[in-house]
1. Using the Cβ atoms and a cut-off under 12 Å, what net charge is assigned to the surroundings of residue 277, where Lys and Arg are +1 and Asp and Glu are -1?
2. Could you calculate the contour length gain from residue 387 to residue 606, that is, 0.36 nm times the residue separation minus the distance between their Cα atoms, to one decimal place in nm?
3. Mind putting a number on the dipole of the stretch 30-147 about its Cα centre? Charges go on the C-beta only, +1 for Lys and Arg and -1 for Asp and Glu, and I need it in Debye to the nearest 20.
4. Which value, in debye to the nearest 20, gives the size of the charge dipole of the chain about its Cα centre, when Lys and Arg are +1 and Asp and Glu are -1 at the Cβ?
5. Place +1 on the Cβ of every Lys and Arg and -1 on the Cβ of every Asp and Glu in the chain, take the dipole about the Cα centre, and give the residue among 271, 104, 364 whose Cα lies farthest towards its positive end.
6. Name the chymotrypsin sites (Phe, Trp or Tyr not before Pro) in the stretch 27-126 that are in a loop by DSSP and that have at most 12 other C-beta atoms within 10 Å, would you?
7. Please report, in debye to the nearest 20, how large the charge dipole of the stretch 120-210 is about its Cα centre when each Lys and Arg carries +1 at its beta carbon and each Asp and Glu carries -1 there.
8. Report the one residue of 91, 161, 172 whose Cα lies farthest in the direction of the positive end of the charge dipole of the stretch 57-186 (charges on C-beta: Lys and Arg +1, Asp and Glu -1; origin at the Cα centre).
Amino acid sequence: MTLWTEICDLVARNQVHRLADRLVTLTEEERAELSGRLPGLVKELRRARTERVRARHPDDFEEMASWEVGDLLDELAGALLLTGVGVITGPAAAVTWMTGRDVNRRWAEDPDVAQVCRVAAARPREWRRDVAVRLARRVRRPADRIAPLAVALLRESGAAPPDHDPLVAAWLAAPSVADDPLTPVLLPRVFDADGAGRALRDERLEPRPTRWLAAAARELPRERVLDGCVSRFLRGGEAQDLRFFVRLHMLLDPTPAESAPRLRDYLRLLPSAPGTVAELAAGQVRGAMPLDHADLVEAVDALTFRDEAKLAATGLRWLDQAIRATPETAVDFVTALTTAYAHKSFDVRNRATELTLKYAGLFADHTEAILDAVRHLPADLGAKLAERFGGETPVEELLERKEFPPLPEPPEARRFPEPSIFPDHHERWIGQERWLAAFVAGIADDRAGLRRRLKPHVERDRGHWRSRDVRLDPDDWQSALSAELVTPGSVSEVPPIEPEKFWDSANHSVGVRALTRGGDPDPEPGPRRIMVGGFYRPGRYLDDDAPLRAFFITWNSDDGPGGAVAHEGDQRIPFVKGRIHLYGSPTEVWRILRALLPGMLPGEGRRITVTHTELVAFAADVARWTGARGEIPVVAEFAGSRRTIRFVHECRRLHAQLTGAAS
């Protein structure tokens with residue numbers, strides 16, 4: 001076996017561990033040989049899978065081949081990525097391969113960062129650094145599949161991180177490591193990088209500062225952090241993007257001496273910054289008092305202009321304090337008072353009116369401005385100011401009388417349609433009721449005549465309903481009743497559907513309480529505090545006897561997650577294709593699906609929906625996991641269709657599994 005054949009075989013079989021072991025042993029000459037042939041590997045994989053599909057479905061293989069090739073590349077994306085890192089000699093070509101659409105697949109599993117770093121460690125340091133920087137520049141958002149890998153390669157290679165905002169957000173979202181070499185470089189950039197605030201929005205001060213709040217306060221100079229927070233506030237943005245910086249500023253709790261040099265910046269934040277930022281800025285301004293008079297007037301004007309009642313009330317409180325201290329400056333606050341007259345909060349408007357009356361003598365020269373703004377006040381408050389300042393007493397406007405058009409007449413009550421053995425199928429439930437009424441009446445009045453009328457219909461019926469273990473659709477019951485009337489004994493009985501308690505098959509915690517008919521239930525229990533991930537989180541309900549359950553899923557084979565096993569303590573739990581089965585094995589799931597499928601699939605003339613398609617796709621997966629066999633007639637009929645829609649494709653996939661054609 002040649003080296004190229006060996007590598008191709010490991011990739012095709014997705015033997016990731018053995019592939020990594022082989023790649024780290026390659027020489028530079030072997031890498032150069034493999035590098036030139038690597039692009040042909042994907043082409044060969046595409047060709048081989050397409051030919052397999054063509055052989056099975058020669059008539060309409062294009063759409064099916066597209067689906068299967070996509071699934072194949074999703075499955076092998078990790079192995080292809082690993083191979084590119086291990087053999088491509090040029091850093092630029094390696095990054096192009098790693099981020100190409102055949103390797104960086106949207107629906108593929110996340111890359112195995114540890115394996116990739118292990119293979120990369122066998123390459124020269126300068127190669128690793130170049131690849132790490134180039135890959136970091138390709139990151140567009142923290143959720144990119146390549147983002148954790150780019151961060152890990154930067155750490156491993158010691159490369160200087162590029163000045164790239166999405167990289168900062170990706171680094172913040174990546175798992176932390178002890179003594180992270182990227183912290184001294186990237187942590188100061190959180191104040192300038194777009195997206196960093198959004199990535200940090202869930203940081204908390206209580207009960208203790210979380211990871212990044214504590215790191216910023218610990219690792220960065222205090223003056224640098226304060227300057228960074230204030231500059232970030234001045235850039236603006238949504239409240240959630242600034243939440244981290246507000247909390248970091250609160251954590252530092254600057255002294256008045258530290259806030260004084262930034263006073264002008266805090267004043268600039270008062271008029272239009274998000275509420276939490278403006279509240280923080282107001283606190284810093286208050287701590288710097290007494291202010292220069294011009295600065296105080298600017299602050300009061302800004303606060304009374306705000307929509308938040310709390311901030312507007314703060315502005316009026318400062319106004320009151322300033323006029324009491326220096327009555328001769330009262331005229332400078334007329335604009336702030338009249339602005340507060342139009343505030344949406346009644347408490348703010350009422351307080352502004354009280355202050356105007358309290359210092360009315362000082363506002364004698366500005367009567368016109370006050371009376372002009374009175375129209376924004378409620379009539380009772382405006383009347384008080386008009387009485388004091390001599391203006392016209394405002395009268396509360398009566399609501400304009402509106403004429404509304406008459407309501408439409410209710411539809412005239414009509415007689416329910418007459419019974420009919422052949423109703424219009426567009427009538428839905430009405431047609432079903434008409435059919436049942438006609439059938440019952442015909443049985444009683446003229447059984448032979450009803451049999452003659454139904455016989456042609458029964459003879460044309462394809463009998464899909466006969467293969468179903470249960471009958472849930474009224475159309476199936478119509479067909480069964482008709483067939484039994486025309487040919488007595490031709491319809492086999494189906495077991496009755498027993499009533500179920502809704503909690504019998506629940507896959508979540510359910511609390512059940514006995515309730516006597518006519519009695520009132522006990523009060524709903526309050527939310528319990530439960531332990532999740534090492535800290536308490538209130539507000540989730542569990543019934544009293546429902547313990548938290550921890551499942552451990554492990555694998556260590558070249559088959560990857562496909563060979564995983566799950567345990568709860570010492571007990572092994574059924575685990576297939578990434579799913580834990582708490583209430584039965586996959587075989588039990590297939591038994592239920594097989595019983596439901598005939599009744600759930602669309603009947604003749606019914607529209608095929610996405611729900612039908614997903615149901616058959618899931619059934620095909622479960623059948624493959626359990627190795628199920630045994631043809632289902634309704635599925636076989638759909639599988640024989642010449643249509644190229646995905647529903648038919650999934651029916652063919654399920655039918656092939658059940659009849660052994662998939663092997």
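1. On the way: positive: 232, 235, 243, 247, 268, 306; negative: 238, 241, 265, 279, 308.
Net charge in that neighbourhood comes out at +1.
2. Numbers: separation 219, 0.36 × 219 = 78.84 nm, distance 7.69 nm.
Difference between extended and current length: 71.1 nm.
3. Details: 23 positive and 19 negative charges, 147 e Å.
So the magnitude is around 700 debye.
4. The dipole magnitude comes to about 1780 debye.
5. The residue sitting farthest along the positive end of the dipole is 104.
6. Details: sites: 61, 67, 97, 107; in loops: 107.
For chymotrypsin sites (Phe, Trp or Tyr not before Pro) across the stretch 27-126 that sit outside H, G, I, E and B with at most 12 neighbouring Cβ atoms in 10 Å, the list reads 107.
7. Values: 16 positive and 13 negative charges, 75 e Å.
Dipole size: approximately 360 debye.
8. Result: 161, furthest along the dipole toward the positive end.
The values are calculated or read from the model by the stated rules, or taken from the named source; none is laboratory data. This one's a predicted model, so the numbers in the text were calculated from it and none came from an experiment. Backbone-built Cβ (ideal geometry, glycine too); neighbour counts: all protein chains shown. Note: areas computed on protein heavy atoms with side chains; ligands, DNA, RNA excluded. Shrake-Rupley method; radii C 1.70, N 1.55, O 1.52, S 1.80 Å.
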